[in-house]
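What follows is a short report on a single structure.
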Amino acid sequence: MKPFTYERAATPAEAAAAVAGKPGAKFIAGGTNLLDLMKLQIEAPVHLIDVNGLALDRIEPTPEGGLRVGALVRNTDLAADDRVRRDYGVLSRALLAGASGQLRNKATTAGNLLQRTRCPYFYDTNMACNKRKPGSGCAAIGGVTRQLAVIGSSEACVATHPSDMAVAMRALDAVVETITPDGTERRIPMADFHRLPGETPHIETALQAGELITAVVLPPPMGGRHFYRKVRDRASYAFALVSVAAVVQRDGTGRVALGGVAHKPWRVEAAEAELPRGAKAATAAILDGARPTHENAFKVILAERTLAAVLAEARS
Ligand code: SF4
């Protein structure tokens, strides 16, 4: 463990300014990902700013009829909230599909969005990884790719984003609220929040240096039947090979986002017009342009079959 200093922030603006003013500083809340990365020396912040004391732990109705979820709301509490269970079932189910009960008790809404990839080469400091060390190469390309991306990847990185919660939020068209170090408040649609790797896979989100997530806003409920189906190598405490977050209306229209296939939750709005024609047509449209390897080509088939199971349940 490398030495670091620590302070508690009193306000969101103070926290953002503190991180921006100290190169190498980071926020810490639940710490369920960051502390692991620090122990492995993949992350080595020189200073930690503890944001747990900020009053960002409430779920409140918005004037538009949606919900504002504070950045520090724990995953367990968000999944169990009556309003979330009733009106945003896809989100509650996605949260419960992630991690373990103990981790969900600590993990926060903002931290869940910001968790790093689980690409095995990212965690092995003997291996080249452009995400861990920009410009060093990507050991995954030509390596073991079974769990990695099939679409949206680049010559620099083929990692996937590990969050379940983010996939549901993408299907719901949630909006991330932030505060920048100069005190400006920003609203970033989930569609734009996570980035594709391109040439800079180490830059994973639209956040600026020191910008702090304060909340995630869920739009007014859209009705329909909500599904989150996750396929993984074991029944719990595993990341998705493929997941499907879907909201399906009575007439067969709806929304779908996929997890486990790309560097960000993967949703193609134009492809959703194919949903009434069935899973084969919809998956072909959603994953149009996919470039799987021989090891992870099964993900394309798995996505279609998982969506087919969701649509069959929706019709039942
Ligand atoms: Fe690193 Fe991305 Fe390559 Fe994995 S796929 S080794 S995270 S650059």
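Read-outs: derived from the displayed coordinates by stated rules, not from any lab. Note that this is a predicted model, so its numbers are computed, not measured. As a convention, Cβ positions derive from the backbone with ideal geometry for all residues, glycine included, and neighbour counts pool all protein chains shown.
So here's what we get for this one:
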item	result
For residue 8, distant residues with modelled amide H under 5 Å away	50
From phi via Karplus (6.51, -1.76, 1.60), per-residue ³J(HN,Hα) for segment 96-109 in Hz, x at Gly/Pro	6, 7, x, 6, 10, x, 5, 5, 5, 5, 9, 5, 9, 4
Dimensionless Rg ratio for segment 72-153, taking C-alpha atoms and the 2.2 N^0.38 Å reference	1.41
Sequence-separation-based contact order of segment 11-67, relative, with Cα cut under 8 Å and 6+ spacing, percent	36 percent
Length-normalised contact order for the chain - Cα pairs under 8 Å, 6+ apart - percent	18 percent
Per-residue ³J(HN,Hα) for segment 197-209, Karplus 6.51 cos²θ - 1.76 cosθ + 1.60, θ = phi - 60°, Hz, x for Gly and Pro	x, x, 8, 10, x, 6, 9, 9, 9, 7, 5, 8, 4
Long-range amide H partners of residue 238 with built H, under 5 Å	99
Selected from 277, 186, 146 as most flexible by GNM, with the chain as the system and alpha-carbon contacts under 10 Å	277
Dmax and Rg, reported as Rg then Dmax, of segment 157-316 (C-alpha, Å)	16.3, 52
Cleavage-rule hits (chymotrypsin sites (Phe, Trp or Tyr not before Pro)) in segment 151-260: DSSP loop, at most 13 neighbouring Cβ within 10 angstrom	237
The chain: translational diffusion in µm²/s, Stokes-Einstein, Kirkwood Rh over Cα pairs, 37 °C, 0.692 mPa s	165 µm²/s
Of the trypsin sites (Lys or Arg not before Pro) in segment 25-112, those whose Cβ has at most 14 other Cβ within 10 Å and which sit in DSSP loop	58
Top of 11, 145, 283 by mean-square fluctuation, Gaussian network on the chain, Cα under 10 Å	11
Gain in span if fully extended, residue 284 to residue 62, counting 0.36 nm per residue against the direct Cα distance	76.3 nm
17 Å reach of a label modelled at residue 250, 7 Å along Cα-to-Cβ, counting backbone N of segment 189-230	222-226
√(5λ) per eigenvalue of the Cα gyration tensor, segment 1-109, largest first, Å	29, 18, 9
Estimated Rh, segment 103-227: Kirkwood, alpha-carbon pairs, angstrom	16.0 Å
Using θ = phi - 60° and Karplus 6.51 cos²θ - 1.76 cosθ + 1.60, couplings along segment 139-145 (whole Hz; Gly, Pro as x)	5, 5, 6, x, x, 7, 10
Distance in nm between pseudo-label sites at residue 298 and residue 10 (7 Å out along the Cβ direction from Cα)	5.6 nm
Sparsely packed GluC sites (Glu not before Pro) within segment 148-248, loop by DSSP, other Cβ within 10 Å at most 14	155, 199
Relative contact order of segment 132-205, defined on C-alpha pairs under 8 angstrom at six or more residues apart (%)	32 percent
Subset of 230/264; 26/299; 133/264; 2/133; 39/106 violating a 23 Å alpha-carbon distance limit	26/299
Estimated inter-spin distance, residue 187 and residue 234, nm [label 7 Å along Cα→Cβ]	4.3 nm
